Amino acid sequence: MFDSQKLSFEKFILGYKHGIYVFTEDTCHICQEYKDSIAYINNANLYFVEVSLESEKKIVEELLGRSVFPLTACFKDNKLSYVKAGQLFETQLEGIFADLKKFGDNPLSPEEIQKRLKKEETKCRLAYYVFSNSVTADERKQIIEKSIKYNELPIDVDSVPENLSLEEKFHLLEYTLSLVKLVIFKSNKSQLFSPIGQRIVIEYNNAHGSETKFEIRNVSDILGQSDDRDNSN
């Protein structure tokens with residue numbers, strides 16, 4: 001076992017999780033047996049994390065969904081792939097060895113971690129776009145075409161079929177309301193929104209409570225031109 005394979009609980013929580021992690025409890029006899037049985041594995045992507053405090057045990061339970069030790073968990077790019085409870089033996093360890101081989105012999109460099117974090121940050125997220133009534137169809141089209149710059153996959157809430165009732169329109173959109181990003185586009189010409197736009201904003205606030213976070217963007221800023229250009233005569 002390399003010294004680098006011994007990971008404090010704090011470093012585990014704060015670090016970029018990518019590899020196989022073995023969680024042991026300091027008062028657990030089976031944990032020590034398990035740890036000793038695989039301590040010969042010199043792989044920089046296999047980590048041993050000792051859990052001592054009750055607060056740490058609670059975090060592990062919330063993170064891994066298990067409250068017994070030892071625990072063996074596989075993380076790939078900060079995401080939990082699987083977790084196995086109890087001491088693992090030869091047949092059960094075959095899958096662990098196979099994954100360690102995929103991870104390679106060396107841990108990710110700080111540069112590679114930053115590169116992967118950057119890639120994660122730029123993944124597109126589903127977004128509901130709510131436009132004020134004065135925004136034209138052509139302006140909406142231009143704004144939607146610029147959505148890639150904001151890493152968003154947009155849905156104009158006014159694009160739902162017009163022949164549906166307000167309740168039917170909301171029914172089409174409400175399922176992912178607590179998960180999507182909400183972006184409101186205001187125009188200097190009008191601050192009014194369609195009934196479905198108003199409903200989405202209200203229900204979004206209700207779904208997120210005090211954690212409500214939506215973006216407000218000005219149409220003229222996005223398009224790079226004045227909203228009042230038609231009134232310049």
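Values quoted throughout were computed directly from the atomic coordinates according to the rules given, and no laboratory measurement underlies them. Computed from a predicted model, the values in this text were never measured in an experiment. Counting neighbours? That spans all protein chains shown, and the Cβs are built from the backbone with ideal geometry, glycine included.
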* Roughly how tilted is helix 29-38, in degrees to the nearest 10 and between 0 and 90, from the longest Cα axis of the chain? -> 90 degrees
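Residue separation times 0.36 nm, minus the C-alpha to C-alpha distance between S159 and Q198: what's the value? Intermediate results must be reported in sequence, preceding the final value.
Working: separation 39, 0.36 × 39 = 14.04 nm, distance 1.43 nm.
Result for the pair: 12.6 nm of gain on full extension.
For the pair D3 and N205, what calculated FRET efficiency results from E = 1/(1 + (r/R0)^6), where r is the Cβ-Cβ distance and R0 = 45 Å, to the nearest 0.05? Intermediate values should be presented prior to the final figure.
Working: r = 51 Å, r/R0 = 1.13.
The formula returns an efficiency of 0.30 here.
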* **Angle between the chain longest axis and helix 90-103 axis [Cα atoms, degrees, rounded to 10]** => 50 degrees
* Asked: By how many nm would the segment from K11 to I41 lengthen if fully extended, with 0.36 nm per residue of separation less the alpha-carbon distance?
  -> 8.7 nm
* Asked: In whole percent, what relative contact order does region 3-119 give with Cα contacts below 8 Å and a gap of six or more residues?
  -> 31 percent
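Can you give the relative contact order of the chain as a percent, counting alpha carbon pairs under 8 Å and 6+ residues apart?
Values: 306 pairs, mean separation 37.4, N = 233.
Contact order relative to length: 16 percent.
Could you size up the charge dipole of the chain around its Cα centre, putting +1 on the beta carbon of Lys and Arg and -1 on that of Asp and Glu, and report it in debye to the nearest 20? Mind dumping the intermediate values first?
Numbers: 30 positive and 37 negative charges, 91 e Å.
Dipole of the chain, to the nearest 20 debye: 440 debye.
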* To do: Give the residues of region 74-115 whose amide nitrogen is closer than 11 Å to a point set 7 Å from the Cα of E121 in the direction of its Cβ.
  => 114-115
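Using the structure shown, list the pairs from K17/K213; K35/K123; K146/K186; K79/K115; K57/K102 with a Cα-Cα distance above 26 Å, or answer none. Walk me through the numbers before you get to the answer.
Values: K17/K213 28 Å; K35/K123 38 Å; K146/K186 16 Å; K79/K115 16 Å; K57/K102 29 Å.
Too far apart for the 26 Å limit: K17/K213; K35/K123; K57/K102.
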* Average silhouette area of region 7-114, convex hull of alpha-carbon atoms, in square nanometres -> 6.4 nm²
* Taking the chain as a whole, which cysteines find no other cysteine Cβ under 4.7 angstrom from their Cβ? -> C74, C124
* With θ set to phi - 60°, apply the Karplus curve 6.51 cos²θ - 1.76 cosθ + 1.60 along region 149-163 and write out the HN-Hα couplings as whole Hz, x wherever there is a Gly or Pro. => 5, 9, 6, 10, 9, x, 10, 6, 5, 7, 7, 5, x, 5, 7
* Structure fact -> Measuring from the longest principal axis of the C-alpha atoms of the chain, the long axis of helix 110-121 (C-alpha) lies at a number of degrees, nearest 10, equal to 40 degrees
* Relative contact order (%) - region 124-231, alpha-carbon pairs under 8 angstrom, separation at least six -> 36 percent
* Could you pull out every residue, at least 5 positions away or on a different chain, whose amide H is within less than 5 Å of the one on N43? Hs are placed 1.01 Å off N in the peptide plane, and Pro or chain starts have none. => F2
